[in-house]
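Trainee: Questions regarding the structure given below will be posed in turn.
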Amino acid sequence: MAQYITLEDAKTLPFWRRPVALLFLMALAMPIAFNTWSALLNNFVIEVAEFDGSDIGLLHTVREIPGFLAVGVIAIIIFVREQVLGLVSLILLGVATAVTAWFPSMGGILTITMLSSIGFHYYETVNQSLQLQWLKIEDAPRMLGWLMAAGSLATLIAYLAIMGLWETLNLTYNIVYLIGGGVTVLIAIVAMLAYPQFEAPTVQIKKMVLRRRYWLYYALQFMSGARRQIFVVFAGFMMVERFGFEVHEITTLYLINLIANMIFAPLMGRAVGYFGERKALGFEYVGLILVFLSYGGVYYLGWGVVVAATLYVLDHMFFALALALKTYFQKIADPADIAPTAAVAFTINHIAAVFLPVGLGLLWLISPALVFVLAAAMAAISLMLAMLIPRHPEPGHETIFSRPLAQAAE
């Protein structure tokens, strides 16, 4: 029989059974499966299924379809609690990851990718909603930074195992996928059994919510999704295709990213709290413009593997500042809008993701450098949008064009 407890009453529970502890446990679980899949993906599809740039673009388009359909979460939470849906989605992600190597054909890889993606995107949608409902506004930037660091720690352990044991024990794709996915499933089941059902103080609206005053948040989400695709799909693929990186070498690169994230993500969370969302996002987008243009230099100017690897790490670090988008929305949102808007935002975030990978995969065959130049242009548009965020956003003062409520009252 499920136990229901309010967030206020949850303060009397042992720390390990409180809502924030559950958020940390989920933050540990998801990256183990997802990043195990990601670390092996480029080598797996090239070696086993002989993918080229166009094929990898198609794969990622299929992977992003459930993200585009994340708005369906609104219909599901009418019948299923968000907390339960998040954990069930984690189990689906883990199971699909575990059996990935059983389907080494194009059709099999696309099918299992779709299933794992449903788990991943529905989990991420619900997780973002729970974070913004369960964390206080004043604590959110700092805690989101620590949650990112926790996810990096879990992935670090997985990557260390892959890097250290891949050649030593002559591991296969099947063994690594089974272990990575299985660990995520185990953690999700433990979380389902060990924690009560937490009741947020505000009942969430269970229908689609599109509000005009959230337009800037929607626009930033759209550009973030378009820009992210180029990093996720093509940056790692470049390292394998152009420089011949093997599994343990790609994993070493991911390892450096994780260590950097563990160190800098909590600092970035504090920076967002101190400097505000506009400056934090502005810094991120300026950095990404420079990184993407430099990626183009790898092709146009013949820069070597050290430059490319350095850019890859910087690229990953800048994306960590995206937590400022979450805190911006938390500050401007009606508390009852958080769950439905998280779903709508995920769909908006993935609009470009459905068609960009395939289109850019074809462009990649013509000129990989142009793909990265296009990404720099997207980052520049994001920068212009971020400058519209006020220093202290709040309901009624969502952009620099709207006056704070206190001034409006005068």
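The values are calculated or read from the model by the stated rules, or taken from the named source; none is laboratory data. What you see is a predicted model, and the numbers here were worked out from it, not measured in a lab. Note that each Cβ is placed from the backbone with ideal geometry, even for glycine, and that neighbours are counted across all protein chains shown. Quick note on the areas: whole protein, heavy atoms, side chains included, nothing else; ligands and nucleic acids left out. Shrake-Rupley method; radii C 1.70, N 1.55, O 1.52, S 1.80 Å.
Trainee: Just wondering, is there one or more residues in region 240-254 that are touching an Asp or Glu at 6+ places or on another chain (Cβ under 9 Å), under 29 Å from Leu160 (Cβ atoms) and either open to solvent by less than 10 Å² (accessible area, probe 1.4 Å) or of a type in the set (Ser, Thr, Tyr) (or both)?
Mentor: yes
Trainee: Right, something else. Do we find that Arg227 is open to solvent by less than 10 Å² (accessible area, probe 1.4 Å) and of a type in the set (Lys, Arg) in this structure? Break it down stepwise before answering.
Mentor: On the way: open to solvent by less than 10 Å² (accessible area, probe 1.4 Å): yes; of a type in the set (Lys, Arg): yes.
Yes; evaluated as a whole, the condition is true for this residue.
Trainee: Pick from Ile205, Ile179: which is of a type outside the set (Phe, Trp, Tyr), surrounded by fewer than 20 Cβ atoms within 10 Å (Cβ to Cβ) and more than 29 Å from Ile109 (Cβ to Cβ)?
Mentor: Of Ile205, Ile179, the one residue that is of a type outside the set (Phe, Trp, Tyr), surrounded by fewer than 20 Cβ atoms within 10 Å (Cβ to Cβ) and more than 29 Å from Ile109 (Cβ to Cβ) is Ile205.
Trainee: Going through Gly86, Gly72 one at a time, which residue ends up being modelled with pLDDT under 85 and over 26 Å from Phe44 (Cβ atoms)?
Mentor: Only one candidate qualifies: Gly72.
Trainee: Another question about this same structure. Which of the following residues is open to solvent by 60 Å² or more (accessible area, probe 1.4 Å) and at pLDDT 90 or above: Leu210, Leu186?
Mentor: Being open to solvent by 60 Å² or more (accessible area, probe 1.4 Å) and at pLDDT 90 or above holds for just one of Leu210, Leu186, which is Leu186.
Trainee: Any residue in region 34-45 that is over 18 Å from Ile189 (Cα atoms), assigned to a helix (DSSP H, G or I) and β-branched (Val, Ile, Thr)?
Mentor: Checked region 34-45: at least one residue is over 18 Å from Ile189 (Cα atoms), assigned to a helix (DSSP H, G or I) and β-branched (Val, Ile, Thr).
Trainee: Need the failing condition index for Asn261 against (1) more than 26 Å from Thr61 (Cβ to Cβ); (2) assigned to a helix (DSSP H, G or I); (3) more than 16 Å from the chain's Cα centre (by Cα), just the number.
Mentor: (3)
Trainee: Tell me the residue from Ala339, Ala369 that is more than 30 Å from Ile256 (Cα to Cα) and of a type in the set (Gly, Ala, Ser), please.
Mentor: After ruling out the rest, the residue left standing is Ala339.
Trainee: Now for a separate question. Taking region 1-31 as the region of interest, how many residues are open to solvent by 40 Å² or more (accessible area, probe 1.4 Å) and closer than 22 Å to Met148 by Cβ?
Mentor: 6
Trainee: Residues to consider are Val84, Val73, Val88; find the one that is in contact with a Leu (Cβ under 9 Å, 6 or more places away or on another chain) and either farther than 30 Å from Gly276 by Cα or outside the structural domain of Glu246 (by the TED database) (or both).
Mentor: Result: Val73 is the single residue among Val84, Val73, Val88 that is in contact with a Leu (Cβ under 9 Å, 6 or more places away or on another chain) and either farther than 30 Å from Gly276 by Cα or outside the structural domain of Glu246 (by the TED database) (or both).
Trainee: Whether any residue in region 388-404 is surrounded by fewer than 22 Cβ atoms within 10 Å (Cβ to Cβ) and assigned to a helix (DSSP H, G or I) is what I want to check.
Mentor: no
Trainee: Would you confirm whether or not region 151-159 contains a residue that is modelled with pLDDT of 90 or more, farther than 30 Å from Ala75 by Cα, open to solvent by 10 Å² or more (accessible area, probe 1.4 Å) and not assigned by the TED database to the domain that holds Ala345?
Mentor: no
Trainee: Considering only residues that are among the hydrophobic types (A, V, I, L, M, F, W, C) and within 13 Å of Ile389 (Cα to Cα), which ones fall in region 200-233?
Mentor: Trp215, Leu216, Ala219, Leu220
Trainee: Could I ask something else about it? Could you list all residues from region 222-245 that are over 26 Å from Ile381 (Cβ atoms) and either part of a loop (DSSP other than H, G, I, E, B) or under 18 Å from the mean Cα position of the chain (by Cα) (or both)?
Mentor: Arg242, Phe243, Gly244, Phe245
Trainee: Conditions: (1) surrounded by 18 or more Cβ atoms within 10 Å (Cβ to Cβ); (2) of a type outside the set (S, T, N, Q); (3) at pLDDT 85 or above. Ala200 meets all but one. Number of the miss?
Mentor: (3)
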